[in-house]
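*Asks:* Let me give you the structure first, and then I'll get to my questions.
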Amino acid sequence: MNEKLPELSRPEFDIMRILWKSGPLSVREVHDQLTLNYKWAYSTTKTTMDRMTRKDLLVRESFHGVFIYKPMLS
């Protein structure tokens, strides 16, 4: 199968790269790694990751009351 990869913004690509490297993470864990390059509030990271979930780039699962995000693309 030869599916076309979706267009990713720079922040989306950076989030995907963090998840590809580290595995499933919470928003807090991703946010802590993003602060090296972005001066975002935590809520901006959460909003971006929720949008990525709606775009089927990420999948969100609840683990002991915390949402964990995994990439849908490899």
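*Asks:* Could you list, in sequence order, all residues of region 56-74 that are closer than 25 Å to residue 7 by Cβ, open to solvent by less than 80 Å² (accessible area, probe 1.4 Å) and more than 10 Å from the chain's Cα centre (by Cα)?
*Replies:* 73
*Asks:* Just to check your reading of the model, which residue among 46, 39 is modelled with pLDDT of 95 or more and either assigned to a loop (DSSP other than H, G, I, E, B) or open to solvent by 50 Å² or more (accessible area, probe 1.4 Å) (or both)?
*Replies:* Unique residue meeting the criteria: 46.
*Asks:* Only residues that are more than 15 Å from residue 74 (Cα to Cα), assigned to a helix (DSSP H, G or I) and open to solvent by less than 50 Å² (accessible area, probe 1.4 Å): list them for region 1-36, please.
*Replies:* The answer is 11, 27, 30, 31, 34.
The values are calculated or read from the model by the stated rules, or taken from the named source; none is laboratory data. It should be emphasised that the depicted structure is a prediction, and the values quoted were computed from it without experimental measurement. Note that we place each Cβ from the backbone using ideal geometry, even for glycine, and neighbour counts take in every protein chain shown. Remember, those area values only see protein heavy atoms, side chains included, never the ligands or the DNA or RNA. Shrake-Rupley method; radii C 1.70, N 1.55, O 1.52, S 1.80 Å.
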